[in-house]
Structures are given as structure tokens and as C-alpha cells.
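Input: a single structure, listed below in C-alpha cells.
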Amino acid sequence: MATRNGFTLVELLLAIAIFALLSALGWQVFDYLNKVKTRNVSHEAALEQLQASYQQILKDSTQIVPIPAHVQGEIQPALVLQNGRFNFSKTGVTDPLQQGIAAQERVEYRFDATEKKLYRLKYQHLHQDGQLQPISSELLDQVESFELLVLNPEPLNTWPPSPNQNAELPRGMEVRLKVQGTDYLWRFSLMPSKGTS
């Protein structure tokens with residue numbers, strides 16, 4: 001009786017089928033892990049941007065000062081909230097190279113619903129002739145909704161309540177936003193510093 005050397009055709013086909021099945025399962029696991037990694041990187045980047053935005057708004061809120069601005073010869077209150085636009089006077093500007101940079105500046109938060117982005121615009125002087133262009137930076141993207149209210153102590157969507165309150169500040173502000181399907185509510189205390197008009 002002769003001894004058998006090698007595999008039969010059926011055994012080879014069976015081995016190939018098992019290898020193909022294991023390869024397909026391995027590819028599915030690899031593809032799943034790759035998608036999870038990509039999603040985690042995306043979430044991590046979004047979280048870092050959200051944290052950086054929170055820190056920037058928090059820093060701004062601690063530096064708001066009751067000093068009116070002069071824009072094209074018109075006096076603007078220290079803090080203005082009208083028709084969804086929010087701008088304010090702030091201090092804390094440093095000039096380490098002694099270039100004559102003003103110690104106060106005017107900052108505005110602007111939400112672009114079409115682009116789904118929240119911008120921070122900075123004017124380097126409180127007194128503007130209307131020709132000075134702001135330095136714009138993107139605070140957040142993928143913003144589905146944005147609303148800013150002042151607290152005095154009740155929430156208000158307009159400030160100042162009357163035109164006579166140029167140097168007065170509310171007690172706080174509240175930011176309501178929705179980013180990538182998640183709602184956020186941030187509250188900041190405004191600690192008025194003594195300033196001159």
C-alpha cells in the first residue's frame with residue numbers, strides 16, 4: 001500500500017476557505033479599530049477646542065472693565081449686547097516690547113450661523129475711527145447654536161437696559177451653545193474693576 005504525500009484538492013480548498021474567512025474577520029476587526037481611533041482623535045480635538053474656548057471666555061470675563069469706547073466719534077458703553085452681538089472693553093493687555101500698545105482693547109464675539117463658527121474679534125484700541133480692522137480668531141467650529149445673555153441678576157438679552165448706563169456692568173454673563181449635538185451652559189461672573197470714563 002502506497003503512502004500519501006501532500007494534500008488532496010478538497011483539503012486545499014478547505015484550508016483556503018478557512019484562511020479567507022479568518023482574513024475577512026481580521027480585516028473587519030482592523031477596520032473597526034481604525035474607525036474608533038479616528039473618531040477618538042476627532043472627539044479629542046473637538047474637546048481641546050471647546051476647553052480652549054471656555055478658557056478664553058473665562059479670561060475675557062475677568063478682564064472686562066467699565067470703560068466706554070469711542071467709535072467714529074460716538075461713545076459706546078463698556079459692554080454692549082444688542083441683536084445677538086456682544087462687545088466689551090477689557091484690560092490686561094501687555095506690552096513687553098514697549099511698542100506703545102494700549103492697555104485696554106475692545107473685544108467682540110460674533111456667531112456665524114452659516115459657517116457654524118464662533119469668532120472672537122479684537123480691536124487694539126478703545127478709541128477707533130472706524131477704519132481700524134479687528135484681529136479675528138476662530139474660537140469654535142461646528143457650533144449649531146449660540147446665545148449670550150447677561151445676568152443682572154436675571155438673564156437679559158440686551159445691555160445696557162437704558163442708554164444712560166454707559167459705565168455700568170452686569171453681574172455676570174451666560175453662554176448657551178450647542179456643539180456637535182451637545183448642549184453647553186457656561187456662566188461667568190463679571191467682577192467690575194474701577195475704571196475711568
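The values are calculated or read from the model by the stated rules, or taken from the named source; none is laboratory data. This structure is a prediction, so every number in the text was calculated from the model and none was measured. Neighbour counts are summed over all protein chains in view; Cβ atoms, including those assigned to glycine, are modelled from backbone coordinates with ideal geometry. These area figures cover heavy atoms from the full protein model, side chains too; ligands, DNA and RNA do not enter into them. Shrake-Rupley method; radii C 1.70, N 1.55, O 1.52, S 1.80 Å.
Brief remarks follow.
- Under the condition of being more than 36 Å from the chain's Cα centre (by Cα), open to solvent by less than 100 Å² (accessible area, probe 1.4 Å) and of a type in the set (Val, Ile, Thr), the residues counted in region 5-37 number 2.
- Residue in region 141-156 that is part of a strand (DSSP E or B), within 21 Å of the chain's Cα centre (by Cα), touching a residue at least 12 places away in the same chain (Cβ under 8 Å) and more than 30 Å from Gly181 (Cβ to Cβ) present: no
- Members of region 38-85 that are surrounded by 12 or more Cβ atoms within 10 Å (Cβ to Cβ), in a loop (DSSP other than H, G, I, E, B), of a type outside the set (Gly, Ala, Ser) and out of contact with any Pro (no Cβ under 8 Å at 6 or more places or on another chain): Ile67
- Any hit, region 37-46, residues being under 30 Å from Leu169 (Cα atoms) and either in contact (Cβ under 8 Å) with a residue 40 or more places away in the chain or touching a Leu at 6+ places or on another chain (Cβ under 7 Å) (or both): no
- Test: residue in region 162-177 that is in a strand (DSSP E or B), modelled with pLDDT of 90 or more and loosely packed, with under 14 Cβ neighbours inside 10 Å: no
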